[in-house]
Amino acid sequence: MIAELGHFSLALAFALALLQAGISLWGAAKRDVTLMSVAGPMALAGFGFVAFAFFCLVAVYVQSDFSVASVYANSHSAQPLLYKVTGVWGNHEGSMLLWVLVLAIFSALVALFSGNLPMRLRANVLGVEGAIAAVFLLFILTTSNPFLRLDPPPVEGRELNPILQDIGLAIHPPLLYLGYVGFSISFAFAIAALIEGRIDAAWARWVRPWALVAWIFLTLGIAMGSYWAYYELGWGGYWFWDPVENASLMPWLAGTALLHSAVVMEKRDALKIWTVLLAILTFSLSLLGTFLVRSGVLTSVHTFANDPARGVFILAILTLFVGGSFTLFAWRATELKPGGLFAPISREGALVLNNLFLSAAAATVLTGTLYPLALEAITGAKISVGAPFFNRTAGPLFLCLLILMPAGPLLAWKRGDLAGVAQRLVVAAAISFAVAALSLWLVQGGPLLAAIGLFIALYAIAGALVEFADRTALFREPLAASLSRVVGLPRSAFGTTLAHLGIGLALLGIVAEAGWSEERIVALKAGDQVSIGQFDLQFKGVIPRQGPNWRDLVGRFEVRKGGVVVATMEPAKRTYLANGQSTTEAGIETFGFGQLYASLGDPTADGAVSARIYWKPLVTLIWLGGVVMAIGGACSISDRRLRIGAPQPARRSTLPAPAE
Amino acid sequence: MRRFIFASIAALSLVSAAFAVEPDEVLPDPALEARARALSKTLRCMVCQNQSIDDSNAPLARDLRLLLRERIKAGESDDQVRDFLVSRYGEFVLLEPRLNEHTFILWALPALGLVIGGIALLLALRRGKGTAANPLSAEEKRRLQRLLEGSDVKKM
């Protein structure tokens, strides 16, 4: 019964979304106030129906109702409650429903907080959101119904994939979807601007906080996913340049470019057309990501939706939205009047350069990801494009970007003084260079590339701090004056500093992990010693342990530093009882920013057990950097002039300006 | 949404779980072993999805790891080992595709993207120089004013 209610609710949500799209867009075109005013309530009602459907799906999962096919395939009665709930989106059907739920949440938020938006813009935005929701709901209802029943109902379920039985599944997909789908709002605003043929700084002011929200979630989602892979997969890697990972990196790159170009548009009324294009591109890349992951086009075991019907449907969605929006862009973009002028050496110029590098990086990742598919389709030749390719091509682009980054915020708007900026950065550069050179000398025979990377990372960090010191006149004025400047600084300024600091920290972590990690691959018997970094590990042997739905073989290590026991690590090999699959549970101990990482292999013939032990200095900075970036984004959003729902004169009852 | 797809596959390959690079594979000479590790990071495990033979625990990956260590011990250069593997498994085995008529565009694109983008930018800048900024209409100014009211815009 619950499943049927959910199904019915989804169907209603589809009908409602269709109406929301049709009525809002038609009303906006006809400037009919009554029709346009329907958009908001419909978006809220649509959210209600989707949320109810999602709730129903959660309910059948929690009840372990195995007569529902999706529950049978992805749950088990002995599974802990948390994984019964997260199992809802640990599969194709449920994750698509989550996608639509997030979309409905964003639509409802726009409806709630857009009271002061010009009515036509609002109606068009909600209309586009409705259209996206309608198409995805149709996709779910026709090809991926999560409420499908089984007859006769099985007694027991097949259990959620063991690797997914982790807190990571509770956090990572929702964060990632909040990011992906969040960019649908800037997309909807872009389409609305193109339909109306007008765009102004107020538009950018509206788009930027929404893009920022999406960007924050996507940043956290990617960082979280990376850490999950790091601790779950058992070989200490955190980024594999896998197509599915690239699928989330591309919208992040385009979205980062969008945030920066929206700043220029808001402050200086320039780069309008480019900002609109980026908004379209970013969401298109989000859709492409969904397509890549869902359609099975990667011809890989990786993609678990190998149903061609779904693939074709998603390709149709992609063609509709991407093709449609680009056609609209080509047709209407000339209507948008170009604005503010600036000299090449200026804050605007720096942000344009940032956009150039970010776009080139996104294009590189896109090409690398799709090239093997295209080549095989056209010539039949099979090649691989993997991590070494991306490191060699996208890597330098990122490094260039980071070298340029500190200069940007120091340049003045309109016309900047490059010599003055260089003067302010020279100390940062000198210190970074000295430290990097010192590291090369200390780690004799260490890789030169690591020293270069270290220089760039430190320079980016120091540059962000110099910019902050510059704003607050630190060292130039008495401390008290500087402090009062800190208080008076707009929060978006903190946002810039933190975000730039975060990316520098992440690079520092990446460089340290790549350049100065230590690794031991050993076969151990109880009592054996391994030393790594400054630590001595003693292997205490293997003991069994029983969990609710798994059995562990735990290896115990006693960790000593300078003769003193500082930790015990218990990496394990876990076997899930329902299906006999096994996973590695790494043992991880954090010391400062570094981590000691141990994972257990199989017993060898002579009674020993194989183990991999790593010392990874500064590795946590990779993810902490991401968190710092997200905090920077949050700071920027809390800035008064961007705060969503900040008091504004009411416009609800007034007609939109007819002059166009 | 991507990580767990990825993870789920890794889980499948872990069923008969061994581990990538077993202790008994490691070469006694650290220099040769380092070369072997670096090389194996650039070679694809062909039965896995986008994993190098260094990361993979598939039996085929182990065979390849042992094979390339044999060849390195026998004194072959990295390129010789790569050539041998390509002759046996095709270009597909290389995670970093070699430059040839098939991969020319792939390798050229990042640089090309920068150059084309840069030229487009220069052209846009040059074009922008001549034209005056379009002033806002009176109505637009009023609307902007209304939107700006109540929030403090600091010049940054």
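Rule-based calculations on the coordinates, nothing more; no lab input. Not measured: the values here are computed from a predicted model. Cβ sites come from the backbone with ideal geometry, for glycine too, and all protein chains shown count toward neighbours.
Sorted from largest down, give the three principal axis spans of the alpha carbons of segment A:1-165, whole angstrom values.
For segment A:1-165, the Cα spread along each principal axis is 57, 27, 20 Å.
Taking 1 over the mean of 1/r across every pair of different Cα atoms in segment A:518-616, what Kirkwood radius in Å do you get?
13.8
Quick one: which residues, 5+ away or cross-chain, put their amide H under 5 Å from the amide H of residue A:68? H built at 1.01 Å from N.
Here the answer is A:150, since their amide H atoms fall under 5 Å of that of residue A:68.
Sorted by average packing, counted as other Cβ atoms within 10 angstrom per residue and highest first, what order do A:140-152, A:88-100, A:623-635 take?
On the way: A:140-152: 16.8, A:88-100: 24.8, A:623-635: 21.3.
Ranking the peptides A:140-152, A:88-100, A:623-635 by packing returns A:88-100, A:623-635, A:140-152.
At a Förster radius of 45 Å, what calculated FRET efficiency corresponds to the Cβ-Cβ distance of residue A:315 and residue A:59, to the nearest 0.05?
Values: r = 33 Å, r/R0 = 0.74.
After rounding to 0.05, the efficiency reads 0.85.
Residue by residue through segment A:191-200, which ³J(HN,Hα) values in whole Hz follow from phi under the Karplus form 6.51 cos²θ - 1.76 cosθ + 1.60 (θ = phi - 60°), with glycine and proline marked x?
5, 4, 4, 5, 4, 6, x, 9, 7, 9
Which aspartates and glutamates does residue A:540 reach when only Cα atoms under 18 Å apart count, and residues fewer than 8 places away in its own chain are ignored?
A:528, A:552, A:558, A:570, A:585, A:589, A:602, A:606
Just to verify a number: FRET efficiency for residue A:560 and residue A:149, C-beta to C-beta distance, R0 = 56 Å, to 0.05?
0.45
Pairwise over distinct Cα atoms, reciprocal of the mean inverse distance: report the Kirkwood radius of segment A:114-223 in Å, one decimal place. Could you put the intermediate results ahead of the total?
Values: mean 1/r = 0.0593 Å⁻¹.
So the Kirkwood estimate lands at 16.9 Å.
Counting Lys and Arg as +1 and Asp and Glu as -1, each charge on the Cβ, what is the dipole of the protein assembly as shown about the Cα centre in debye, to the nearest 20?
Details: 67 positive and 58 negative charges, 596 e Å.
The dipole magnitude comes to about 2860 debye.
Can you work out the Karplus-derived ³J(HN,Hα) for every residue in segment A:610-623? Use 6.51 cos²θ - 1.76 cosθ + 1.60 with θ = phi - 60°, whole Hz, and x for glycine or proline.
My calculation for segment A:610-623 gives 7, 8, 10, 10, 10, 10, 10, x, 6, 4, 5, 4, 4, 8 Hz in order.
Below 15 angstrom from the Cβ of residue A:64, what's the summed charge of the other residues (Lys, Arg +1; Asp, Glu -1)? Kindly include the intermediate steps, with their values, before the conclusion.
Working: positive: A:84, A:149, A:158; negative: A:65, A:156, A:159.
Around residue A:64, the charge tally is 0.
Using per-residue counts of other Cβ atoms within 10 Å, averaged over each peptide, order A:209-222, A:515-528 from highest down.
Values: A:209-222: 25.2, A:515-528: 17.2.
Ranking the peptides A:209-222, A:515-528 by packing returns A:209-222, A:515-528.
What list of ³J(HN,Hα) values in whole Hz, one per residue of segment A:309-322 in order, does the Karplus curve 6.51 cos²θ - 1.76 cosθ + 1.60 (θ = phi - 60°) give from phi, with Gly and Pro shown as x?
With the stated coefficients, segment A:309-322 comes to 4, 5, x, 5, 4, 5, 4, 5, 4, 4, 4, 4, 7, 5 Hz.
Using mean Cβ contacts within 10 Å as the protection proxy, how do A:183-196, B:89-102, A:112-125 order, highest first? Please list the in-between numbers first.
Values: A:183-196: 26.1, B:89-102: 16.5, A:112-125: 22.4.
So the order, starting with the most tightly packed, is A:183-196, A:112-125, B:89-102.
Pop a pseudo-label 7 angstrom from the Cα along the beta-carbon direction at both residue B:139 and residue A:452 and give the gap in nm to one decimal.
If labels sit at residue B:139 and residue A:452, their model points lie 5.7 nm apart.
Of A:30/B:141; A:616/B:41; A:382/B:41; A:561/B:73; A:84/A:525; A:414/B:141, which ones are farther than 30 Å apart at the Cα? Let's see the in-between values first.
Numbers: A:30/B:141 25 Å; A:616/B:41 18 Å; A:382/B:41 19 Å; A:561/B:73 37 Å; A:84/A:525 38 Å; A:414/B:141 21 Å.
Flagged as over cut-off: A:561/B:73; A:84/A:525.
Name all residues of segment A:601-621 having a backbone nitrogen under 20 Å from the label point set 7 Å from the Cα of residue A:589 along its Cα→Cβ direction, giving them as ranges.
The answer is A:601, A:609-621.
With N residues in chain A, what two-decimal value do you get for its Cα radius of gyration over 2.2 N^0.38 Å?
1.03
If you take each beta carbon of peptide A:392-401 and count the beta carbons of other chains within 10 angstrom, what is the mean? Before the final figure, lay out the partial values.
Values: counts 3, 6, 1, 0, 2, 4, 0, 0, 1, 0.
The mean count of partner-chain Cβ atoms within 10 Å per residue comes to 2.
Using alpha-carbon positions, what is the distance between the centroids of segment B:23-100 and segment A:489-557, in Å?
Taking the Cα centre of segment A:489-557 as reference, the centre of segment B:23-100 is 26 Å away.
Just from its helices, what would the mean residue ellipticity at 222 nm be for chain A, if runs of 4 or more DSSP H residues each count -39500 (n - 2.57) and the sum is divided by every residue, rounded to the nearest 500 deg cm²/dmol? Please report the intermediate quantities before stating the final value.
Working: 21 runs with 406 residues, N = 660.
It comes out at -21000 deg cm²/dmol, rounded to the nearest 500.
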